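The values are calculated or read from the model by the stated rules, or taken from the named source; none is laboratory data. All values reported here derive from a predicted model rather than from experimental measurement. Quick reminder, even Gly has a Cβ in these numbers, built from the backbone with ideal geometry, and neighbours come from all protein chains shown.
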Amino acid sequence: MLKNFYIFRNGQSSHNLAGRLQGQSNDSVLTDAGISQAISTADFLKDKQIDVIMSSPQRRAKQTGSIVAKRLKTPIYYDSRLIEANIGRFDGALINKLSQKHRQTLSRWHREESKTARFEHGESKQELRSRLIAALKQYADSPCRNIAISSHNFSILEILQSLHIQKDNILNGEIIHLQYDGSQWNYIQQ
């Protein structure tokens, strides 16, 4: 059975607006623009016959997913495997204040295929990938055919990288459409 996964990044948060890196420890909230992005996500998904919404329990993704769920009248469940990458001591740092060394670490995280890349005191890309792929496999084995997922930038990028799809960034509110046919994942460009 062909399954559709619509994975969307949380709407703009207060940390995004302030230019801060976001990982697991912050509890930033959606801005007015972020709420509008969540509404736009719901509008895009309204004709997709979404069976369920799975969401990171982090506040910004939870708010985004809840807005989408309410507008679609679809159940929402929270899965801690969908939380953002643990970016260690970089969490909450102002991006424009990062030293050159730390900017290179951030750039390497985005580009590198290496599964061992990690932020200082954070989790490795392999650790992040393992928990995300385990969640996707579980959802793929469910009876649901059309699944929406509210998650985060680094997490979504790692899902794509595991499928050999290279992107440098996922915009707030951006939706990634993947299809799973029981044996293979395909990226559907919009």
Taking the options LYS97, LYS48, name whichever one is surrounded by fewer than 20 Cβ atoms within 10 Å (Cβ to Cβ) and free of Cβ contacts under 8 Å to residues at least 60 places away in the same chain.
LYS97
Residue selected from the range 167-184 under the condition in contact (Cβ under 8 Å) with a residue 40 or more places away in the chain and over 15 Å from the mean Cα position of the chain (by Cα), by the criterion surrounded by the fewest Cβ atoms within 10 Å (Cβ to Cβ):
GLY182
At pLDDT 95 or above, within 16 Å of the chain's Cα centre (by Cα), part of a loop (DSSP other than H, G, I, E, B) and surrounded by 13 or more Cβ atoms within 10 Å (Cβ to Cβ) - does that describe any residue in the range 121-138?
no
Could you tell me how many of the residues in the range 1-27 are at pLDDT 90 or above, closer than 16 Å to ASN153 by Cβ and among the polar types (S, T, N, Q)?
5
Can you tell me which condition GLN49 does not meet? The list is (1) assigned to a loop (DSSP other than H, G, I, E, B); (2) over 18 Å from the mean Cα position of the chain (by Cα); (3) more than 20 Å from ILE175 (Cβ to Cβ), and all the others hold.
(3)
Which numbered condition in (1) closer than 18 Å to LEU157 by Cβ; (2) part of a helix (DSSP H, G or I); (3) of a type in the set (S, T, N, Q) is the only one that SER40 fails?
(1)
How many residues are buried (at least 17 other Cβ atoms within 10 Å of the Cβ), without any contact (Cβ under 8 Å) to a residue 40 or more places away in the chain and not in a strand (DSSP E or B) if we restrict to the range 15-34?
2
Residue, farthest from THR116 (Cα to Cα), within the range 162-186, restricted to residues that are part of a loop (DSSP other than H, G, I, E, B) and in contact with a helix residue (DSSP H, G or I) (Cβ under 7 Å, 6 or more places away or on another chain)
GLY173
Would you confirm whether or not the range 143-156 contains a residue that is buried (at least 16 other Cβ atoms within 10 Å of the Cβ), among the polar types (S, T, N, Q) and part of a helix (DSSP H, G or I)?
yes
